[in-house]
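See structure below.
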Amino acid sequence: DSKSNDPPAPTAANAAKKAAKQEGKKAAKAAAKAGAPLNAAAGGKPPAASGRPTGFTFQVSPMQLVINPNVPLGERPVVALTMAILSNTDVQLSITADHRVPQCLLGLDPTGSVVGDLAMARYLVKRSSMSSSLAQQAMNDQWMDYASALSKIPMEQRRKGIAMTLEHTLGFSRSYLVESGQVSMADIAVFAALGFPSQAGDLQLIQEYFQKGNYTQAYRWVSMMAQLPAIQRATQFALGVNGVDEVVTDATVELEPLVSGMNLLEGAIPGHVVTRFPPEPSGYLHVGHAKAVLLNDYYAKRYKGRLIVRFDDTNPSKEKEEYQQSIVEDLQLLGVQPDVVTYTSDYFSVIQGYALQLIEKGLAYMDDTPQEQMKLERADRIESKHRSQTVEQAKEYFALLCSGSPEGATWCLRAKIDMSSDNGTLRDPVLFRQNLTPHHRSGTTFKAYPTYDLACPIVDSLEGVTHALRTTEYNDRDEQYQWILQALGLRKVRIHAFSRVNFVYTVLSKRKLAWFVEQGLVEGWGDARFPTVRGVVRRGVNVSALRNFIYSQGASRRVVNMEWTKFWAENKREIDKTAKRFMAVDANNHVVLKITNQGDNQSYLTTSYHPKDPTLGDRAIRIGNQVLLEAGDVTGVTVGEDIVLLRWGVIKISRVDEAAGKITSLEGEFIPDGDFKAAKRKLSWLASAPSNPKVVLTEFDYLVTKEKLEEEDKFEDFVNPQTIATTQVFGDAGLKMLREHEIIQLERRGYYRVDRPYLNDEKPLVLYMIPDGKSKTMGGQTGKLAHH
């Protein structure tokens, strides 16, 4: 290609002449020694790629890129990473850190490996779909040899040589070195020779140097290069490989410090991150979904990006408007405000068009093999009898499928990938099926629908998602996901895997949870015994505590069964900060204490709602000459013993009445200056009064009795027959003022959430006990169920 707009090749003579005039003989000599691209052998290998160090035996997998995290950025594979991003193949790389490798190392496909940044960059470009003319390839090679040669001279001299060469090459009409309007490997290699100044501090130093030397074109070029998203992402990959080092490419953007437990998001550029949460509207969100949405929300906010909530409504047989609305409400409960809400159903026509593209490319076919037979054939790696059908036949059957006709009902669309693959998801998965059930949004417009496996990667790419956070159970499907994007020529999306959250004694399957609802074993999907979002919030889960707990697990890939006690302990730390204190006494199992020196008239004393936070205000406590005590609290009390009535004072016991071995009543004297510390018993109490509100305390137990249900287990055999118990108590008068959802502490009993406010004695206050992570209540009292 010899068009007049091709860039002039920089020559050693020109560089030397420029150096002699502007920088003196020494700089010119250094630039000449570095060599101009035309004087270098086209396509020559840089020294770093000539071979491995002697005795080097590190083993790598295909497309595994290993980086030594202890070397500076300039010695990391920044050119290779940038070219992988530009060629849309970076998602195929598995980037790992290992301090044992002396040089960056890339596993080749299918075997072998290569060392050296430039050698890896060449390999990645050649295996991608990036195309360029022979002339452009030759010029790229020359510039890369030039950049490689520059690495032999000190940075001070190198900068001068590069500055002069850029001034000569770019002039006032060119933006880049090889192609005027498009960045190429040549630009990236020369930028790397400058030390890859993509971070704000490094860029400022180079800019100041070029500005001081009046290198106008070099200043413009380096400033433009540093702002390229591919350069910024490559920097994130290279420096963030250890999950610790944060990259700052824009000094004006301040990121919040990572929350404890969370990792950096691989390749994330502030302002450019787009995450998505794609719930299927076929059930209610549970704590497993909560982890997914909270992680997506966290990364989108931290990197000043966007969160998409997309309803994956591709199966009209399971989906309902009710579930969709419940998901919106549950997101509000979690404090998640998406930047945009979308629906896969809005893309049905588009996805159908992409399905036709796969057929036309010979990458998909129609199959009427019965479902069970297909399952067996896939397991045995047997190809379908229709796999070799013509494109015309496939298109005809696809039209029949989409028409909704009975003849089309037996057919489905399958991807033509690899029936011999060890990865079962690549053995020609189903992409489209007929379904005549009216869709809750599109009605009967469509008669066939894409599977999640087809729809998800397409819509992710079209909506600009940069990071698809998926649980590790999708690991096998990740290769299938990328195959679909590759086959359709769509923008690649980086997958970030994390482990799903599992809790002991907990069922998360929608099918199994639905069974509990259908059998009437729970009130509904919002039952406090359910692990649904609305269920755990009703039980007393604090959303801030849930976030902290999820963040503490981070985006780890390790699957563990979490103990509820750990979460409840975290939850207690949050709710204790604002839980107002009250007292209550068992309505059916209490003892009356008569205080002999207290008058008949009832009076009040004032105490704070919270002993550690006076800003919550004060409350009045009724006192009188008869108070109610928990029967269990006074077992063994003796005459002459001092007891403390919390928030009031010391009582010296003067009489103990018993019957059948149990204390039935007590008398005592109020001691105004009694010693609080000397008394062993510090008791909650309640002045006896007809107006004391009736309160129902509710305890819960696990729905299943087995810690971890296995796949082969019949869960119905492990259903807990006793999961709820109630206790009637009398409470403080102030309890009448509580509103629904308020969380309080009943002193020496524990924490409770208001499920129903007090209306009257026929409709008393209903409180749900909130576990605190301990095996016993704070007062040592025993409930009717296990304390968890």
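The values are calculated or read from the model by the stated rules, or taken from the named source; none is laboratory data. These numbers were taken from a predicted model, which means no experiment stands behind them. Here the Cβ positions follow ideal geometry from the backbone for every residue, glycine too, while neighbour counts run over all protein chains shown. Surface areas here come from the heavy atoms of the whole protein model, side chains and all, with no ligands, DNA or RNA. Shrake-Rupley method; radii C 1.70, N 1.55, O 1.52, S 1.80 Å.
Just one residue in the set V183, V222, V190 is of a type in the set (A, V, I, L, M) and either surrounded by fewer than 22 Cβ atoms within 10 Å (Cβ to Cβ) or under 30 Å from G554 (Cβ atoms) (or both); that residue is V183.
Being within 21 Å of R547 (Cα to Cα) and either open to solvent by 50 Å² or more (accessible area, probe 1.4 Å) or of a type in the set (F, W, Y) (or both) is the filter here; which residues of segment 246-258 pass it?
Hits for segment 246-258 are E256, P257, L258.
Counting only strands (runs of 3 or more DSSP E) that fall entirely inside segment 509-610 and contain at least 1 residues that are of a type in the set (S, T, N, Q) and open to solvent by 20 Å² or more (accessible area, probe 1.4 Å), the qualifying elements are 603-608.
Go through the residues of segment 652-667 one by one and say whether even a single one is at pLDDT below 95, more than 30 Å from F516 (Cβ to Cβ), open to solvent by 40 Å² or more (accessible area, probe 1.4 Å) and hydrophobic (A, V, I, L, M, F, W, C). Within segment 652-667 (the criterion being at pLDDT below 95, more than 30 Å from F516 (Cβ to Cβ), open to solvent by 40 Å² or more (accessible area, probe 1.4 Å) and hydrophobic (A, V, I, L, M, F, W, C)), the answer is yes, since at least one residue qualifies.
The residues of segment 113-141 that are more than 25 Å from L73 (Cβ to Cβ) and touching a Pro at 6+ places or on another chain (Cβ under 9 Å) amount to a single one, M139. The set of residues in segment 590-615 that are at pLDDT below 95 and touching a Phe, Trp or Tyr at 6+ places or on another chain (Cβ under 8 Å) comprises N597, Q598, L605. Considered as a group, the residues in segment 67-86 that are open to solvent by 10 Å² or more (accessible area, probe 1.4 Å) and closer than 24 Å to S129 by Cα include one that is nearest to the chain's Cα centre (by Cα), and that residue is I85. The requirement of being outside any loop (DSSP other than H, G, I, E, B), without any contact (Cβ under 8 Å) to a residue 60 or more places away in the chain and either of a type in the set (K, R) or more than 22 Å from G353 (Cα to Cα) (or both) is fulfilled somewhere in segment 429-443, by at least one residue.
Restricting attention to segment 181-211, the residues being outside any helix (DSSP H, G or I) and within 18 Å of L73 (Cβ to Cβ) number 6. More than 30 Å from H741 (Cβ to Cβ), in contact with a His (Cβ under 9 Å, 6 or more places away or on another chain), open to solvent by less than 40 Å² (accessible area, probe 1.4 Å) and at pLDDT 95 or above, is that true of Y481? Against the criterion (more than 30 Å from H741 (Cβ to Cβ), in contact with a His (Cβ under 9 Å, 6 or more places away or on another chain), open to solvent by less than 40 Å² (accessible area, probe 1.4 Å) and at pLDDT 95 or above), Y481 does not qualify.
On inspection, G617 does not qualify as surrounded by 14 or more Cβ atoms within 10 Å (Cβ to Cβ), within 30 Å of V754 (Cα to Cα), small (G, A, S) and out of contact with any Cys (no Cβ under 9 Å at 6 or more places or on another chain). The set of residues in segment 87-109 being open to solvent by 30 Å² or more (accessible area, probe 1.4 Å) and within 22 Å of I231 (Cβ to Cβ) consists of N88, Q92, S94, T96, A97, Q103. A count restricted to segment 751-788 and to residues that are open to solvent by less than 50 Å² (accessible area, probe 1.4 Å) and at pLDDT 95 or above stands at 14. State whether one or more residues within segment 701-711 are surrounded by 15 or more Cβ atoms within 10 Å (Cβ to Cβ), closer than 25 Å to I621 by Cβ and not hydroxyl-bearing (S, T, Y). No, because not a single residue in segment 701-711 is surrounded by 15 or more Cβ atoms within 10 Å (Cβ to Cβ), closer than 25 Å to I621 by Cβ and not hydroxyl-bearing (S, T, Y). With respect to (1) assigned to a loop (DSSP other than H, G, I, E, B); (2) open to solvent by 30 Å² or more (accessible area, probe 1.4 Å); (3) under 24 Å from S282 (Cα atoms), the lone exception for R491 is condition (3).
Count of segment 470-488 residues, restricted to those that are part of a helix (DSSP H, G or I), closer than 30 Å to W564 by Cα and under 18 Å from the mean Cα position of the chain (by Cα), is 4. Scanning segment 293-321 for residues that are aromatic (F, W, Y), open to solvent by less than 20 Å² (accessible area, probe 1.4 Å) and not in a loop (DSSP other than H, G, I, E, B) yields a count of 2. Given the structure, is Q357 under 17 Å from I417 (Cβ atoms), in contact (Cβ under 8 Å) with a residue 60 or more places away in the chain and open to solvent by 40 Å² or more (accessible area, probe 1.4 Å)? So Q357 fits the description; yes.
Residues of segment 376-428 that are within 20 Å of L356 (Cα to Cα), open to solvent by 40 Å² or more (accessible area, probe 1.4 Å) and either outside any loop (DSSP other than H, G, I, E, B) or of a type in the set (F, W, Y) (or both): V391, E392, Q393, K395, E396, Y397, A399, L400, S403, E407, A409, T410.
Just for strands (runs of 3 or more DSSP E) wholly inside segment 614-723: which have at least 1 residues that are without any contact (Cβ under 8 Å) to a residue 12 or more places away in the chain, touching a strand residue (DSSP E or B) at 6+ places or on another chain (Cβ under 9 Å) and acidic (D, E)? The qualifying strands (runs of 3 or more DSSP E) are 649-659.
From the list A28, A48, A97, the lone residue that is farther than 18 Å from A189 by Cβ and at pLDDT below 80 is A28.
The single condition among (1) farther than 25 Å from L65 by Cβ; (2) in contact with a Leu (Cβ under 8 Å, 6 or more places away or on another chain); (3) open to solvent by 20 Å² or more (accessible area, probe 1.4 Å) that G243 does not meet is (1).
Candidates are the residues of segment 724-745 that are within 36 Å of the chain's Cα centre (by Cα) and outside any loop (DSSP other than H, G, I, E, B); the one that is farthest from P611 (Cα to Cα) is I724.
Considered as a group, the residues in segment 112-157 that are in a helix (DSSP H, G or I) and hydroxyl-bearing (S, T, Y) include one that is most open to solvent (accessible area, probe 1.4 Å), and that residue is Y123.
The condition of being farther than 30 Å from K291 by Cβ and more than 41 Å from the chain's Cα centre (by Cα) holds for D600.
Taking the criterion of being open to solvent by less than 10 Å² (accessible area, probe 1.4 Å), more than 19 Å from E75 (Cβ to Cβ) and hydrophobic (A, V, I, L, M, F, W, C), the residues of segment 158-177 that qualify are A163, M164, L166, L170, L177. Could you tell me whether L333 is under 21 Å from the mean Cα position of the chain (by Cα), within 21 Å of V533 (Cα to Cα) and open to solvent by less than 20 Å² (accessible area, probe 1.4 Å)? The answer is no for L333. Out of T235, T216, T252, report the one residue that is of a type in the set (S, T, Y) and free of Cβ contacts under 8 Å to residues at least 40 places away in the same chain. Criteria check complete, one pass: T252. Considered as a group, the residues in segment 445-469 that are part of a loop (DSSP other than H, G, I, E, B) and in contact with a Leu (Cβ under 8 Å, 6 or more places away or on another chain) include one that is most open to solvent (accessible area, probe 1.4 Å), and that residue is K447.
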